[in-house]
1. Condition test on A:ILE108, is it surrounded by 21 or more Cβ atoms within 10 Å (Cβ to Cβ), more than 16 Å from DNA strand C (Cβ to nearest atom) and more than 8 Å from chain B (Cβ to nearest Cβ)?
2. For B:ARG40, indicate whether it is over 18 Å from the mean Cα position of the chain (by Cα), surrounded by 15 or more Cβ atoms within 10 Å (Cβ to Cβ), at pLDDT 90 or above and closer than 23 Å to A:THR46 by Cα.
3. Identify all residues within the stretch B:153-184 that are closer than 30 Å to B:ILE302 by Cβ and either among the basic types (Lys, Arg) or buried (at least 21 other Cβ atoms within 10 Å of the Cβ) (or both); write none if there are none.
4. Filter the stretch B:22-47 down to the residues that are within 11 Å of chain A (Cβ to nearest Cβ) and among the β-branched types (Val, Ile, Thr), then identify the one that is nearest to DNA strand C (Cβ to nearest atom).
5. For B:VAL310, indicate whether it is among the hydrophobic types (A, V, I, L, M, F, W, C) and modelled with pLDDT of 85 or more.
6. Please pick out the residue among A:LEU245, A:LEU209, A:LEU180 that is in contact (Cβ under 8 Å) with a residue 12 or more places away in the chain and within 14 Å of another protein chain (Cβ to nearest Cβ).
There are 2 protein chains.
Amino acid sequence: MSTVSNVLNGRSGRMRKETLARVENAIAQLKFHPNPAALRLKTGRTSLIGLLVPSLANPMFGAIAREIETFAQERYGHRVLIGSTYRDKEKEATFFEDLLAHGVRHVIVISSLADERHFDTMIERGMTVVSYDRLAAKGRTSKVVHVTPDNFEAARLATEHLIEYGHKRLAFATVAGMTLSRSAKIQGFQAAASHSGLQKTAIVLNGGLLDEYGDSVMSEIGRTLAFQLAADPSRSTGVVAVNDLMALGLMAGLREAGLRVPQDVSIVGIDGLFLAALSNPALSTVQLPVADMARAMVDCAIAPKAEGEVHACEQVFMPTLLVRRESVAPPPVPATESATGRGARNARA
Amino acid sequence: MSTVSNVLNGRSGRMRKETLARVENAIAQLKFHPNPAALRLKTGRTSLIGLLVPSLANPMFGAIAREIETFAQERYGHRVLIGSTYRDKEKEATFFEDLLAHGVRHVIVISSLADERHFDTMIERGMTVVSYDRLAAKGRTSKVVHVTPDNFEAARLATEHLIEYGHKRLAFATVAGMTLSRSAKIQGFQAAASHSGLQKTAIVLNGGLLDEYGDSVMSEIGRTLAFQLAADPSRSTGVVAVNDLMALGLMAGLREAGLRVPQDVSIVGIDGLFLAALSNPALSTVQLPVADMARAMVDCAIAPKAEGEVHACEQVFMPTLLVRRESVAPPPVPATESATGRGARNARA
DNA sequence: TTGAAAGCGCTAACAT
DNA sequence: ATGTTAGCGCTTTCAA
């Protein structure tokens, strides 16, 4: 029995070849697969990785989940235990408890709550947690691994694109509720604006709060924001959306409000969803390196670490590039200052 | 010990109240949670449910997965072990093996291969498998539970909508590779066409094959099909897409080819993704009852069944309704028979 | 180099 | 009504 165990665990040096062959033969013959439950019970390990997303219905998270699942499986033979948090602290905590109970030691958390102190508890209990879309808070040394796109840079790139086309009145459209990634994007937006002396007219449009229905309301918020924008005679002519879904909602809302994209308002998204190519006009967006980030997350989560290794690493991925499509054009030439407006409730957020 | 076990398993009748209270107290005090691995090892059961989707990156499957995950958790306290198959037989089989090894007894398979005989093996090995988007093949009695929208009816509804607007030349756009759901849709399409004497001009447009990249190429295929359509002087004026993603791709392609939706060509989708409301023009589509179906699948998969119960049930869900938006209009009035065409390579599929 | 035995945390049969 | 025990399938000492 222990010899078989040794074979299974690669300690084939401790027996003579003949025995090894005999065991391997039997394993093949019987199609023997170690029972994960027994393994789990004995060792505490399991070949499962936890994945926490705000909502599976959000195509961006779907895209990331897809890459994570594929890679974890191919590279490490791990399956994925998935859960939606709807950005709810309670749900997130419950999920972590369940994971622990199921023996899952590796978990990837996509865009969780602003506060990640609760991760430390889990790490002390033996988990490796990889957090997406944020960096460690200043002054805190946690053992959480962070993998994130450079959100500042992504937003800066998007904003630059608008400036390059001559836009003077810029806006950044986001949802209420501040996360690190959102504030990094806002900073990138403002940095780009300031760099061109446009900070005075660069505004942040804060839409509604994501409710329990998760991220499929993101585009609804974009739509609402679009109406606010449309109602403002001195509206921004170029807007950077916090993500592609927001951008899509913005475009739909603008159109409903009678404004044209890009003739009246230009829009740039961030993410690079395949859906961005399908919109009308096709959405210009900053492409994030989804597959690379997914691989990095899986590696950080699962790869065996050297014993004393301080495991807090931070990986920041550059946005691959700006995908220029059709949603950006030069700003409209104003006949008079407020020619494009229609007498409106002053509805800026 | 066994008393505790009895408490945990609801057999609280076998002890006196006082003991029950004492045990419950201790459980609360110690925050005791039964170890799933031990439970699994002992009983063979686990509180995990398997979910197989063609691709997580497909928003429709994301939407379904979201509902399944939420309901399985809320109703049964089950977590979801998810995997993408990319519609590959090998990957599907591997996933099933892994599930079995992990002790998972309940699995939901979304839109799998045409042939589902391999499920029988798994069922014999103690699994409950629920299959989405198909009915049992005629003449076969398997123990697979089927939950599906009425695809025939969905396509019929979509087609009727086009006919109602006066379209005479109809097309159904789909991908290569026949699944039961796709063929049911085609039949619904043809039935509606025939019903109005339009069968002569009702054609099926078969796009490319879904490759290993999964369903994000669905819209690419739509785009390609759009070019074929545009090149045909006597093209169909109303097209039903096999799903919303295909419809979105079709619209993008048509636009690139210089055709307008709905003025030149009308499009109807099937699914009712939230994305359909965001397109330009907003996509008219047949809404499927995603949440209801998800619940039904989870119930069928997990709910304890009476012993001898013949377990093959078939649940067919009616499409809730047609969502009328902007992608359908009356057909263009032809100046002469082929006025709208541009001398084209005859490119029909 | 191999075998024997303990034990991971439970459940269920059995004994008390 | 409660306690005792075997055993689910492994890993890992320890002994041979």
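The values are calculated or read from the model by the stated rules, or taken from the named source; none is laboratory data. All of these numbers come straight from a predicted model, not from anything done at the bench. When we count neighbours, we look across all protein chains shown, and the Cβ atoms used for this are built from the backbone with ideal geometry, even at glycine.
1. It is true that A:ILE108 is surrounded by 21 or more Cβ atoms within 10 Å (Cβ to Cβ), more than 16 Å from DNA strand C (Cβ to nearest atom) and more than 8 Å from chain B (Cβ to nearest Cβ).
2. In short, no.
3. B:ALA154, B:SER181, B:ARG182, B:ALA184, listed by residue number.
4. Only one residue fits best here, namely B:THR43.
5. no
6. A:LEU245
So that you can scan it fast, the table gives a plain yes or no per residue for (1) over 25 Å from B:PRO304 (Cβ atoms); (2) modelled with pLDDT of 90 or more:
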| site | (1), (2) |
| --- | --- |
| B:ARG125 | no, no |
| B:VAL129 | no, yes |
| B:ALA136 | no, no |
| B:GLY139 | yes, no |
| B:VAL147 | no, yes |
| B:ALA154 | yes, yes |
| B:LEU162 | yes, yes |
| B:LEU170 | yes, yes |
| B:THR179 | yes, no |
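Each row is one residue, and each column tells you yes or no for (1) among the hydroxyl-bearing types (Ser, Thr, Tyr); (2) touching a Leu at 6+ places or on another chain (Cβ under 7 Å); (3) within 13 Å of chain B (Cβ to nearest Cβ).
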| site | (1), (2), (3) |
| --- | --- |
| A:GLU90 | no, no, yes |
| A:PHE95 | no, yes, yes |
| A:VAL104 | no, yes, yes |
| A:PHE119 | no, no, no |
